[in-house]
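Q: Let me begin by handing over the structure; questions about it come next.
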Amino acid sequence: MLEIIKYIILGIIQGITEVFPVSSSGHLIIFSNVLGLDLTNLTIFLMITNLGSFIALLFFFRKDIKELITKFLVFLFKKEKREDLEIKEGFNYSIKLVISVIPVGILGLLLEKHIKSNMLVVGLALLVTGTLLLIMFLLRNREVKNEITYQNAFVISIFQAAAIIPGISRSGITTVGGLSQKINIKDVLKFSFLSYIVISVPVSVKGIIDLAGVKESINLLGYILAFIFSFIATFITVKILFKFVKPKNLIWFSIYCFLVGTFSVLWFIFN
């Protein structure tokens, strides 16, 4: 029963930290160590809990996604509609989302088995995340814009590629990438989460296939509960984030990353 509770805790942590710019993969590694939970198939566990977050965000942004898909298909198959400004903008936005996930997708496939996932790597990466968030906090009063150009999408994609390192927050690094382009923070976050949904489709499919092929014994109930609680925590957290997020609040996430990153490094040194 205690082990099941630990899986539930990890699911909740995944849901909260996937949304907030503090690295979900990093936190799962830290807390699995602190809780003494042996996740032999860590990569698969991350994919399954990410699936919970993916479905929650898919539901939260369902209207935006439906609108984008509709405009994308109309642009492709109805030539007479291609000059419609809204249709064209919807199509272009969809292409920008695809551009934003190409580098992280390629690097993820190439480096998945070569990236270390220990407490030292996570701790140092969280310190980097905290530093970047601090820089964006200090630059918070710059003039911003709402439009995301193809150039902006490419720059965000380069930033997002760094998120393959556990401890580098995907939402955090894409937010930093967008803010560095002087884009409004809520528009950056929306773009960030929609790009997460795009990349999560193949990742989630891969996670399910890998889980089906696991030969070692796993706690199936634990995985299922972690998935469910990841979904719930993600949905609640994303509603809170969009209601209260402001550039000035980045300082609190920065401080948090510094504290947890330092804890992770010290844990590695003394354990």
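Q: Please indicate, with yes or no, whether at least one residue in the range 70-81 is out of contact with any Gly (no Cβ under 8 Å at 6 or more places or on another chain) and crowded, with 22+ Cβ neighbours inside 10 Å.
A: no
Q: Restricting to the range 56-86, give me the number of residues that are over 18 Å from residue 194 (Cβ atoms) and among the hydrophobic types (A, V, I, L, M, F, W, C).
A: Total satisfying the criteria: 4.
Q: Write out, first by first residue and then by second, each pair whose Cβ atoms fall under 6 Å of each other, whose residues are 6+ apart or on separate chains, and whose first residue, in the range 184-211, is in contact (Cβ under 8 Å) with a residue 40 or more places away in the chain and closer than 17 Å to residue 52 by Cβ while the second is open to solvent by 40 Å² or more (accessible area, probe 1.4 Å) and in a helix (DSSP H, G or I).
A: 197/58
Q: Please report, ordered by residue number, the helices (runs of 4 or more DSSP H) entirely within the range 153-247 with at least 3 residues that are closer than 12 Å to residue 57 by Cβ and at pLDDT 90 or above.
A: Filter on the range 153-247 gives 185-212, 220-244.
Q: Based on this model, can you work out whether residue 262 counts as in a helix (DSSP H, G or I), open to solvent by less than 50 Å² (accessible area, probe 1.4 Å) and either out of contact with any strand residue (DSSP E or B) (no Cβ under 6 Å at 6 or more places or on another chain) or without any contact (Cβ under 8 Å) to a residue 60 or more places away in the chain (or both)?
A: Against the criterion (in a helix (DSSP H, G or I), open to solvent by less than 50 Å² (accessible area, probe 1.4 Å) and either out of contact with any strand residue (DSSP E or B) (no Cβ under 6 Å at 6 or more places or on another chain) or without any contact (Cβ under 8 Å) to a residue 60 or more places away in the chain (or both)), residue 262 does not qualify.
Q: If residue 99 passes every condition in (1) more than 23 Å from residue 193 (Cβ to Cβ); (2) surrounded by 11 or more Cβ atoms within 10 Å (Cβ to Cβ) but one, which one does it miss?
A: Condition not satisfied by residue 99: (1).
Q: Restricting attention to the range 221-233, which residues are open to solvent by 10 Å² or more (accessible area, probe 1.4 Å) and either more than 13 Å from residue 51 (Cα to Cα) or touching an Asp or Glu at 6+ places or on another chain (Cβ under 8 Å) (or both)?
A: 221 - this is the single residue of the range 221-233 that is open to solvent by 10 Å² or more (accessible area, probe 1.4 Å) and either more than 13 Å from residue 51 (Cα to Cα) or touching an Asp or Glu at 6+ places or on another chain (Cβ under 8 Å) (or both).
Q: Continuing with the same structure: State all residues of the range 109-157 that are more than 19 Å from residue 34 (Cβ to Cβ), of a type in the set (A, V, I, L, M, F, W, C) and open to solvent by 60 Å² or more (accessible area, probe 1.4 Å); if no residue qualifies, say none.
A: 109, 110, 111, 128, 135, 138, 139, 144, 154
Q: Show the residue pairs that are 6+ apart or on different chains and have beta-carbon atoms under 6 Å apart, the first residue being within the range 78-99 and modelled with pLDDT under 90, the second being open to solvent by less than 90 Å² (accessible area, probe 1.4 Å).
A: What qualifies is 81/74; 81/87; 82/75.
Q: Inside the range 164-220, can you point out the residues that are charged (D, E, K, R) and open to solvent by 60 Å² or more (accessible area, probe 1.4 Å)?
A: 182, 186, 190, 206, 215, 216 - these are the residues of the range 164-220 that are charged (D, E, K, R) and open to solvent by 60 Å² or more (accessible area, probe 1.4 Å).
The values are calculated or read from the model by the stated rules, or taken from the named source; none is laboratory data. Bear in mind the structure is a predicted one, so any value in this text is a computation, not a measurement. As a convention, Cβ positions derive from the backbone with ideal geometry for all residues, glycine included, and neighbour counts pool all protein chains shown. To get the accessible areas, we keep the full protein, side chains included, count just its heavy atoms, and leave off ligands, DNA and RNA. Shrake-Rupley method; radii C 1.70, N 1.55, O 1.52, S 1.80 Å.
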